[in-house]
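The values are calculated or read from the model by the stated rules, or taken from the named source; none is laboratory data. The model shown is predicted, which means the values in this text are computed figures rather than measured ones. Note that each Cβ is placed from the backbone with ideal geometry, even for glycine, and that neighbours are counted across all protein chains shown. In case anyone asks, the SASA skips ligands and DNA or RNA and just uses the protein heavy atoms, side chains included. Shrake-Rupley method; radii C 1.70, N 1.55, O 1.52, S 1.80 Å.
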Amino acid sequence: MAPYTAKPGVCPHWPWDAGLCVEFCFNDSDCLEDEKCCSNGCGHQCMAPYTVKPGTCAPPQGTTTCAEYCYHDGQCPGEQKCCKTTCGHACSAPY
């Protein structure tokens with residue numbers, strides 16, 4: 001049996017309180033193609049990963065955006081990253 005190797009990418013943030021409390025997978029090798037075995041808030045299931053874009057988010061300052069406009073970099077256009085605001089997340093250019 002070949003040794004287990006984690007697939008590239010990052011599991012998406014699960015935006016809901018909890019998913020099904022069932023273990024549909026135990027590691028990435030249980031998932032098809034490039035999907036990863038990710039937490040759904042209660043159990044684990046296969047999900048399409050996203051790739052973290054290069055760069056660093058600036059520290060939140062002065063913005064009072066209290067909304068989740070994104071959960072990961074893959075949801076942001078071009079080179080923008082999903083960065084923390086004072087009380088949420090929004091797409092912004094990295095520095």
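If we keep just the residues of segment 83-95 that are hydrophobic (A, V, I, L, M, F, W, C) and at pLDDT 90 or above, which is least open to solvent (accessible area, probe 1.4 Å)?
Only one residue fits best here, namely 83.
What is the residue count in segment 17-27 for residues that are open to solvent by less than 40 Å² (accessible area, probe 1.4 Å) and either touching a Phe, Trp or Tyr at 6+ places or on another chain (Cβ under 6 Å) or without any contact (Cβ under 8 Å) to a residue 24 or more places away in the chain (or both)?
Summing the residues that are open to solvent by less than 40 Å² (accessible area, probe 1.4 Å) and either touching a Phe, Trp or Tyr at 6+ places or on another chain (Cβ under 6 Å) or without any contact (Cβ under 8 Å) to a residue 24 or more places away in the chain (or both) in segment 17-27 gives 1.
Across segment 47-73, which residue is modelled with the highest pLDDT among those that are of a type in the set (A, V, I, L, M) and within 15 Å of residue 94 (Cα to Cα)?
Going through the qualifying residues, I end up with 58.
Every residue in segment 43-82 that is hydrophobic (A, V, I, L, M, F, W, C), open to solvent by less than 60 Å² (accessible area, probe 1.4 Å) and under 17 Å from residue 10 (Cβ atoms), please.
46, 47, 57, 70, 76, 82 - these are the residues of segment 43-82 that are hydrophobic (A, V, I, L, M, F, W, C), open to solvent by less than 60 Å² (accessible area, probe 1.4 Å) and under 17 Å from residue 10 (Cβ atoms).
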